[in-house]
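Down below is the structure, laid out as structure tokens.
The values are calculated or read from the model by the stated rules, or taken from the named source; none is laboratory data. Note that this is a predicted model, so its numbers are computed, not measured. No Cβ is skipped: glycine too gets one built from the backbone with ideal geometry, and neighbour counts run over all protein chains shown.
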Amino acid sequence: MAKKPIIESPLCGKKIALPESRQLDVLAALFERRQAKVFRVPLVTILDTPDQTATIKWLHWFIRETPDYFIILTGEGLRRLLDAAARNNIKDEFVKALGSVQKICRGPKPGRALKEVGLSSDIESSIPTSEGIMQTLESLKLSDLRAAVQLYGDDPNVQLMAYLHQQNLAAIESVAPYVYAAHSNVEEVQELIDRLSNNELDLLAFTSKSQVKRLFMVAKEFDLLDDLHKGLLVTHVGAIGPIVQQELSDYGVQVSVAPSTKYFMKPFVKAAESLFSS
């Protein structure tokens, strides 16, 4: 494959740290094409849930019962379900059942995963958050119907599940097909914090709230919170979407780079270009 040409950009020469693991190469390449200097510090990795029995049980239920609604929170989650179905020789049945269900997606990313198996979202929340999903559900008749929910990580999403339990549904079945795991060399994280506190970086770009949690956890463990906060005050911080932005806000971190509508990597990079062009 031919190497993509260099792009003249305000990011040229900017030093950017990426605490990303799942799609690190993709995001790094977008910045590097724009001649930025990228420092990679993977903080988390994504693994299939160790409770594969629960995932397979849920898949069989989905195929057998074919619920009325399927709430899909992440594209990663749907891909993991499809992979689990393939490993158990029920992928065709699962995709067929997916085609018969009203698919409610939290933002555009689950729709991309659906497209990979020839399907599309039926309803997409205008705001890619749990609150956005609940606002979308307000316009639907849920009473006496059956709903499936794809959760993720170790987040039980109490708010969304409590809302659903109040809607008099005939059945609610949830599944969490993947978990987050620490994926970092502690010395590399300490070096990142040191670079931040010494004002050696121009941008720290987050793409998931689990990265934020992991960074602060390591800083606390090694008594580096003061250095981390100092560094975040003098370094631009980017968030790929509102969930990450809220997580950073909860830690008292001001976000200066965020896409305004489309929460993908390319709009994220474009937002960074806008910041450094001003």
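Some observations on this one:
- Index of the failed condition, Asp194 passing every other in (1) under 27 Å from Gln52 (Cβ atoms); (2) part of a helix (DSSP H, G or I): (1)
Condition check ((1) within 14 Å of Ala148 (Cβ to Cβ); (2) at pLDDT 95 or above) across all residues:
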{"position": "Asp68", "(1), (2)": "yes, yes"}
{"position": "Glu76", "(1), (2)": "no, no"}
{"position": "Ala85", "(1), (2)": "yes, yes"}
{"position": "Lys96", "(1), (2)": "no, yes"}
{"position": "Val101", "(1), (2)": "yes, yes"}
{"position": "Gly111", "(1), (2)": "no, no"}
{"position": "Gly118", "(1), (2)": "no, yes"}
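- The single condition among (1) basic (Lys, Arg); (2) not assigned by TED's automatic domain parsing to the domain that holds Phe222; (3) not in a loop (DSSP other than H, G, I, E, B) that Lys141 does not satisfy is (3).
- The residues of segment 110-129 that are assigned to a helix (DSSP H, G or I) and either among the small types (Gly, Ala, Ser) or buried (at least 20 other Cβ atoms within 10 Å of the Cβ) (or both), listed by number, are Pro110, Gly111, Ala113, Leu114.
- Residue in segment 16-29 that is surrounded by fewer than 20 Cβ atoms within 10 Å (Cβ to Cβ), assigned by TED's automatic domain parsing to the domain that holds Asp154 and of a type in the set (Gly, Ala, Ser) present: no
- Residues of segment 154-172 classified as touching a residue at least 24 places away in the same chain (Cβ under 8 Å) and over 18 Å from Ser143 (Cα atoms), total: 3
- Residue count for segment 229-277, restricted to those that are in a helix (DSSP H, G or I) and within 16 Å of Lys209 (Cβ to Cβ): 11
- Filtered by the rule that a residue be of a type in the set (Asp, Glu), part of a loop (DSSP other than H, G, I, E, B) and on the phi < 0 side of the Ramachandran plot, segment 144-158 gives a lone residue, Asp154.
- Filtered residue count, segment 208-228, keeping only those that are within 24 Å of Ile133 (Cα to Cα) and either part of a helix (DSSP H, G or I) or touching a Pro at 6+ places or on another chain (Cβ under 8 Å) (or both): 5
- A residue that is of a type in the set (Val, Ile, Thr) and under 25 Å from Gln190 (Cα atoms) can be found somewhere in segment 257-264.
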